[in-house]
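Following: one structure in structure tokens, then a few remarks.
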Amino acid sequence: MQQQEVDAKRIPELSETVTLALREATRQGATQAEADASVQRGLTATVRLGEVDTVEYQRDRGLGVTVYFGKRKGSASTADLAPAAVRATVEKASAIARYTTEDACAGLADPEDLARDVPDLDLYHPWPLEPDAAVELARSCEAAGLAVDARLTNSEGASVSTHRGVRVYGNSAGFLAGYASSSHTLTCVLLAQQGEHMERDYWYSTARDPQQLEATATIGRRAGERAVARLGARKLSTRRAPVIFVPEMARGLFGSFIGAIRGGSQYRRSSFLLGASGQPVFPAFLQMHERPHIAKAMGSSPFDDEGVATRDRDLVRDGVLQGYVLDSYSARKLGLKTTGNADGVHNLLVTAPNHACAFDELLARMGTGLLVTEMMGQGVNPVTGDYSRGASGFWVENGVPAFPVHEITVAGNLREMYRNIIALATDVDTRGAIRTGSVLIEGMTIAGE
């Protein structure tokens, strides 16, 4: 409770800082201005093989100021929130703006798009965790994992982290609001060895509320079981086969989709989904809903980085793209309206009514193919949609994982991959801003020996 009271007091303090910056910008001749002030703090403890590896405190604060002189823009930032530093930062931003080229699309979000009501989304649950207690949690997590199997011979460590912060945004259009948030994570990474062969795997849990984290022993055991299951991994011969991406890998697939429909990619004409609004991108059974106001969710936000109200929307309906992911600048470049996504998507729910099934059923539906549980590399071309990434996981036969595989590459084209989605599983991962279950894709090239 004491932490809550201390952090709650920072909102008025930061509001004063933002107000000072905006007032100073007007005094220096800016026609528009915006400022964002924040204070963040956290603790991370890592244990490796039972010994303390690191204990870190984090404490950050900052102010970002953007001013507009007509259609000329300048930005500056500082970690010093003292009044003199705030004034100096505004002066630097103003000096930059006076010499930049005019941009017809520059400026604040339109006033009618700004949030008028700021809902409480229950995002703030501080964890009064002392370093000794954090170390013991990490130690017990790692110990639970190492106890799973004698072949778990090494560890990259178990970590406990807790972070909380306060953010206030304001602009010269009359918007001023702030909120506090928190995030907490438990992670364990273990290595299993059999003869000369060694495999690594992990598990983690993250939540706004520490009470909603998975138990430390559960996280450790899951990491240990995953690492042991990968022992004896083989290579595959090059072939074409159906592929299942587990939820944490499927999130990346849909992340590439979001990148392709962001306003910046569209107006720069650097997207494999250029001008795709109103077109079928996915099978007709697939839906995507953005739900920014889910209580305690990791992707929730009452307003975006420009103060624009976040709202529920259907991004994909019956497989058809309904619109783009826009901030005010990209919206103006495209002749559209902002969608309140200046800071990305907020709780994108990927669903497939009547085509979602339990994970075991998804395996059975695939029959024979590849189950991808980890990916390496960044092999995605955002302009063409060509996709080629290193992968590991399990070869599945008759709906049952037969043996682990590694040192392979899965390749295809994202536009075709999206259209070839057969089904989703109900094992939805809620640990990020994109919520999806495992995804079954009809056929991809698997490059191996």
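The values are calculated or read from the model by the stated rules, or taken from the named source; none is laboratory data. Fair warning: this is a prediction, and the values are worked out from it, not measured in the lab. Don't worry about glycine lacking a Cβ; one is built from the backbone with ideal geometry, like all the others, and counts go over all protein chains shown.
Observations
- Filter result for ALA447 (farther than 30 Å from HIS289 by Cα, free of Cβ contacts under 8 Å to residues at least 12 places away in the same chain and either buried (at least 18 other Cβ atoms within 10 Å of the Cβ) or of a type in the set (A, V, I, L, M) (or both)): no
- Test: residue in the range 284-297 that is more than 22 Å from the chain's Cα centre (by Cα), among the basic types (Lys, Arg) and at pLDDT 95 or above: no
- Set side by side, the residues ARG240, ARG268, ARG262 differ, and just one is more than 26 Å from GLY157 (Cα to Cα) and over 27 Å from the mean Cα position of the chain (by Cα), which is ARG240.
- Residues of the range 279-291 that are buried (at least 16 other Cβ atoms within 10 Å of the Cβ) and not aliphatic (A, V, I, L, M): PHE282, PRO283, PHE285, GLN287, HIS289, GLU290, ARG291.
- Extreme residue, farthest from PHE257 (Cα to Cα), among residues of the range 375-388 that are at pLDDT below 95 and of a type outside the set (A, V, I, L, M, F, W, C): GLY377
- Only a single item in (1) surrounded by fewer than 19 Cβ atoms within 10 Å (Cβ to Cβ); (2) at pLDDT 95 or above; (3) of a type in the set (Gly, Ala, Ser) is not met by GLY195, and it is number (2).
- If you go through the range 85-138 and pick out every residue that is within 24 Å of PRO292 (Cβ to Cβ) and among the aliphatic types (A, V, I, L, M), you end up with 7.
- Restricting attention to the range 98-127 and to residues that are in a helix (DSSP H, G or I) and among the acidic types (Asp, Glu), the residue that is surrounded by the fewest Cβ atoms within 10 Å (Cβ to Cβ) turns out to be GLU112.
- Some residue of the range 194-208 being among the small types (Gly, Ala, Ser), in contact with a His (Cβ under 9 Å, 6 or more places away or on another chain), farther than 30 Å from ALA30 by Cβ and assigned to a strand (DSSP E or B): yes
- All of ARG151, ARG116 fail the test of being of a type in the set (Lys, Arg) and modelled with pLDDT of 95 or more, apart from ARG151.
- Looking across the range 149-180, the residues that are in a strand (DSSP E or B), farther than 30 Å from TYR68 by Cβ and of a type in the set (A, V, I, L, M, F, W, C) come down to LEU152, ALA158, VAL160.
- Just one of the listed residues (PHE272, PHE282) is within 30 Å of ASP360 (Cβ to Cβ) and either part of a loop (DSSP other than H, G, I, E, B) or in the same structural domain as LEU63 (by TED's automatic domain parsing) (or both), and it is PHE282.
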